[in-house]
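> One structure, pasted below without further comment.
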Amino acid sequence: MISATYDYLDGNAAAGELSKVFAMDVTAAEGQCAHCGAIKRFADTHVYMQSPGVVARCAVCQHVLLRLVSIRQRVFLDLRGMTYLTFDSAHDRPSEPTHSAS
Amino acid sequence: MAGTALFGRPVMWRIGTVVALHDETATARTITLEVPDWPGHIAGQHVDVRVTAPDGYSAVRSYSIASPPNSHGRVEITVERLPNGEVSPYLTQVVAAGDRLELRGPIGSWFVWRTEQTEPIQLIAGGSGIVPLMAIIRSRASVGSIAPFRLLYSVREPRTSFYREELQALSDKDHSLSITYAYTRVAPSDGPRPPGRIDASVIASATWPSNLAPTCYVCGPTSFVESASDLLSASGNDRDKIRTERFGSTGERK
């Protein structure tokens, strides 16, 4: 087993913080790990939020994909661990039409 | 505004007012918030909640939305109290009707079920991981969807399960929603299985055969999600059809 402890969350947990910089939701976006080449949904990344920022690691090889740190008004984003991140606007549709649940 | 349809909409902090509180178990409470400018949500999404102490220290935690999409600006979250939690004791023991909370959301476009989905759905929850799956079940019921649903719900013991009566009522009146409980510590004496973790035999008996190509949603503590998604994959489900949401080892996320 790669991780002896299950102290990570996943990309879903980081999506709120990442909405500071991305106009589209990241959880359905697909990214490629620059280290092992795996292509996965951002929702599937292993995310560590215990630190002052957010670190997302590849679920396959554990290499760092993304780091985000906010200090006062400044946001630092390091994406060198990903060769690309692709967003599909079909996933990013706004909410469902509401229905009369009243 | 031009472009908003293409790019969704910005996720922003909003103020919600607590309008109702309901205890689900001895340690879990549902908080109903009224959010006047709520843009609506999709079942499965979550919100970030920010709590700020008088000294200015603030903490943000993510909580799944339990309520189905609705047009009333109502958002329900169910919070499990964690012994060493920083935020959950406040939300489950201190917050009162009329209090205001900061919310960021709705968040997420992957761990969601849209009412137009008609394929078989497999839901697997560990503990408080039931919350976003309950929103999905409620969403299905609220639009009268007949998409075939199965829920496998793993809990420590009967008294720690959430939403039991409502789930029972929904599955009683709709046989295309079936529910299986798996107890890890204490099982009812008349139950079909002794207590134990979900294993290959539970997956084989309580989930859709993989040749039906169900879309699977697995939510719970990280170790639970890893184990359940590996079992689904081993039983022939395509990894691309398994959507997961993890709460971490402490469960502090939800």
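The values are calculated or read from the model by the stated rules, or taken from the named source; none is laboratory data. Keep in mind that this is a model prediction, so the values were computed, not measured. Counting neighbours? That spans all protein chains shown, and the Cβs are built from the backbone with ideal geometry, glycine included.
> Being out of contact with any Asp or Glu (no Cβ under 8 Å at 6 or more places or on another chain) and under 10 Å from B:I42 (Cα atoms) narrows it down to one of B:N70, B:N84, so name that one.
B:N70
> Conditions: (1) within 11 Å of chain A (Cβ to nearest Cβ); (2) in a strand (DSSP E or B). B:S178 meets all but one. Number of the miss?
(1)
> Do you know which residues across segment B:216-247 are at the interface with chain A (Cβ under 9 Å from one of its Cβ atoms) and either part of a loop (DSSP other than H, G, I, E, B) or touching an Asp or Glu at 6+ places or on another chain (Cβ under 6 Å) (or both)?
B:P221, B:R246, B:F247
> Return the residues of segment B:80-100 that are surrounded by fewer than 22 Cβ atoms within 10 Å (Cβ to Cβ) and in a strand (DSSP E or B); say none if nothing qualifies.
If the condition is that a residue be surrounded by fewer than 22 Cβ atoms within 10 Å (Cβ to Cβ) and in a strand (DSSP E or B), then B:R100 is the only one that fits.
> Going residue by residue through segment B:149-157, is there one that turns out to be in contact with a Pro (Cβ under 7 Å, 6 or more places away or on another chain) and either loosely packed, with under 14 Cβ neighbours inside 10 Å or not in a loop (DSSP other than H, G, I, E, B) (or both)?
no
> Ok, one more. Looking at this structure, is A:S3 more than 25 Å from B:G40 (Cα to Cα), at the interface with another protein chain (Cβ under 9 Å from one of its Cβ atoms) and modelled with pLDDT under 95?
On the way: more than 25 Å from B:G40 (Cα to Cα): yes; at the interface with another protein chain (Cβ under 9 Å from one of its Cβ atoms): yes; modelled with pLDDT under 95: yes.
Answer is yes for this residue.
> Can you pull out every residue in segment B:24-79 that is in a loop (DSSP other than H, G, I, E, B), away from chain A (no Cβ under 13 Å) and either closer than 15 Å to B:V95 by Cα or in contact with a helix residue (DSSP H, G or I) (Cβ under 6 Å, 6 or more places away or on another chain) (or both)?
B:T25, B:T27, B:A53, B:P54, B:A66 - these are the residues of segment B:24-79 that are in a loop (DSSP other than H, G, I, E, B), away from chain A (no Cβ under 13 Å) and either closer than 15 Å to B:V95 by Cα or in contact with a helix residue (DSSP H, G or I) (Cβ under 6 Å, 6 or more places away or on another chain) (or both).
> Among the residues in segment A:1-23, are any farther than 20 Å from B:W110 by Cβ and touching a Cys at 6+ places or on another chain (Cβ under 6 Å)? It would help to see each step written out before you state the result.
Keep residues of segment A:1-23 that are farther than 20 Å from B:W110 by Cβ, which gives A:1-7.
Subsequent filtering for residues that are touching a Cys at 6+ places or on another chain (Cβ under 6 Å) retains none.
Checked segment A:1-23: no residue is farther than 20 Å from B:W110 by Cβ and touching a Cys at 6+ places or on another chain (Cβ under 6 Å).
> Let me ask another. I need every pair where a residue in segment A:85-102 that is facing chain B (nearest Cβ under 7 Å) and more than 24 Å from B:A141 (Cβ to Cβ) has its Cβ under 8 Å from the Cβ of a residue that is in a loop (DSSP other than H, G, I, E, B) and at pLDDT below 80, sequence separation at least 6 or different chains.
A:S89/B:L6; A:S89/B:F7; A:S89/B:G8; A:D92/B:F7; A:D92/B:G8
> Right, something else. Just for segment B:80-106: of the residues that are small (G, A, S) and under 30 Å from B:V143 (Cβ atoms), which one is nearest to the other protein chains (Cβ to nearest Cβ)?
Selected residue: B:G105.
> Could you give me the residue pairs with C-beta distances under 7 Å whose first residue belongs to segment B:158-175 and is free of Cβ contacts under 8 Å to residues at least 24 places away in the same chain, whose second residue is of a type in the set (V, I, T) and crowded, with 16+ Cβ neighbours inside 10 Å wherever it lies, and which are 6+ apart or on separate chains?
B:S171/B:I179
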